[in-house]
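Here's the structure we're looking at; comments come further down.
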Amino acid sequence: MRLRLDLMCILLAAGGACAQQQDFSKVEIKSTQLGEHLYLLQGAGGNITASVGADGVLLVDDEFGPLADRIRAALKAISDTPVRYVIDTHYHFDHTNGNAAFAQAGATVIAADELRARLASGGTIGNGATISREMQAAEPGALPQITFDHELTVHLNGEDIRAVHYPHAHTGGDSVVYFPRANAVAMGDIFVRYGFPFIDLNGGGSINGMIAACQTVLTGVPADARIIPGHGEPGGVADLRTYLKMLEDTRAAVAGAMKAGRSLAQMKQEHLLGAWSAQYSPPKAFIDTDAFTDTLFNSLNAHEARHGKPAR
Ligand SMILES: [Zn+2]
């Protein structure tokens, strides 16, 4: 439920107002060791993956500014070294709101070029249908100091931490972060475990990019790699494969219905994605079956508008 409230928070109130409205006083930061120098921190908002060691700390995402002290305290229980780097997986508030606090304390924030532009401008996040909210522009101190187009590697704690930009996936500026030595990969919200995923079409995301990113990750990691989602518990390659198959099959269902001339309203009336509801649209789901149908339809439509042909 907490996860759902966080997600609703970003989408309903959006921007800085939400962090102030949300009560963080009872949030505890739970840390789980995933490898010799690798930890998962979970509080409110998106997961934080942390490389912690003698060289310093690197965070993948940083949740909410008001939680920065508690995140630091959780890290201090592991190591005394400071947070030197933050890599943002995508611009959404529940993953980047701690940027200013960590940057102010000396960390260098790193992200894909497009993420910086989106944070700087703010804008509408949504699926082109029932989910559509404004996100405020971030303060200048929250913007990444180092950005990259394709990929960038940070060498820290004996690990080659590789951030790779996957275009037009969950948003327009997503990065996946690989920890080859720890045999783990942090996927941000390209991979989530709360049900059907939210895809921020307004913010540059697309179903085709989500699928392409998951396919690329699966071809690039060992069979026993740990896959860290943006929300929820870490999984393995089999979990990502199952999730990818759902994305591929639901896309195929909607693309087929579009080709057959069905309208979006008909697809929803006929429960086109009903076979996936039990697993991916639990009661009070953040993205229920209708919202996911909207998302796929709008994403494929936009793809056709750009490329003039059906998306597979
Ligand atoms: Zn997100």
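Could you grab me the full set of residues in segment 43-55 that are under 21 Å from V109 (Cβ atoms) and surrounded by fewer than 21 Cβ atoms within 10 Å (Cβ to Cβ)?
G53, D55, listed by residue number.
Give me the residue from segment 66-91 that is out of contact with any His (no Cβ under 7 Å at 6 or more places or on another chain) and within 28 Å of M210 (Cα to Cα) and, out of that set, nearest to the ligand (Cβ to nearest atom). Walk me through it before giving the result.
So the first thing to find is which residues in segment 66-91 are out of contact with any His (no Cβ under 7 Å at 6 or more places or on another chain), and the list is 66-87, 91.
Pick out the ones that are also within 28 Å of M210 (Cα to Cα) and you get 85-87, 91.
Numbers: Y85: 20, V86: 16, I87: 15, Y91: 8 Å.
The residue in question is Y91.
Considered as a group, the residues in segment 226-241 that are within 16 Å of the ligand (Cβ to nearest atom) and part of a strand (DSSP E or B) include one that is farthest from G46 (Cα to Cα), and that residue is I228. Scanning segment 148-191 for residues that are touching a residue at least 40 places away in the same chain (Cβ under 8 Å), in a loop (DSSP other than H, G, I, E, B) and either more than 15 Å from the ligand (Cβ to nearest atom) or of a type in the set (D, E) (or both) returns N157, G158, P167, R181, A182, N183. Go through segment 95-109 and report how many residues are farther than 15 Å from F24 by Cβ, of a type outside the set (G, A, S) and surrounded by 22 or more Cβ atoms within 10 Å (Cβ to Cβ). Residues that pass the stated criteria total 5. A residue that is hydrophobic (A, V, I, L, M, F, W, C) and in contact with a Gly (Cβ under 8 Å, 6 or more places away or on another chain) occurs somewhere in segment 154-169. In the set (1) assigned to a loop (DSSP other than H, G, I, E, B); (2) in contact (Cβ under 8 Å) with a residue 12 or more places away in the chain; (3) away from the ligand (no atom under 16 Å from the Cβ); (4) crowded, with 16+ Cβ neighbours inside 10 Å, Y194 fails one condition alone, (3). Being in a helix (DSSP H, G or I) and either away from the ligand (no atom under 14 Å from the Cβ) or out of contact with any helix residue (DSSP H, G or I) (no Cβ under 9 Å at 6 or more places or on another chain) (or both): is that true of A223 here? So A223 fails the test.
Across segment 268-312, the number of residues qualifying as closer than 16 Å to Y194 by Cα and in a loop (DSSP other than H, G, I, E, B) comes to 8.
Specify which of the listed residues (I78, I48) is at pLDDT 95 or above and more than 18 Å from the chain's Cα centre (by Cα).
On the way: I48 fails: more than 18 Å from the chain's Cα centre (by Cα).
Within the list I78, I48, the selection yields I78.
Counting only residues that are among the small types (G, A, S) and within 16 Å of the ligand (Cβ to nearest atom), segment 92-115 holds 3 of them.
Of all residues in segment 250-304, those satisfying the criterion of being basic (K, R) and over 21 Å from the mean Cα position of the chain (by Cα) are K259, R262, K268.
The values are calculated or read from the model by the stated rules, or taken from the named source; none is laboratory data. This structure is a prediction, so every number in the text was calculated from the model and none was measured. Reconstructed Cβ throughout: ideal geometry from the backbone, glycine too, with neighbour counts over all protein chains shown.
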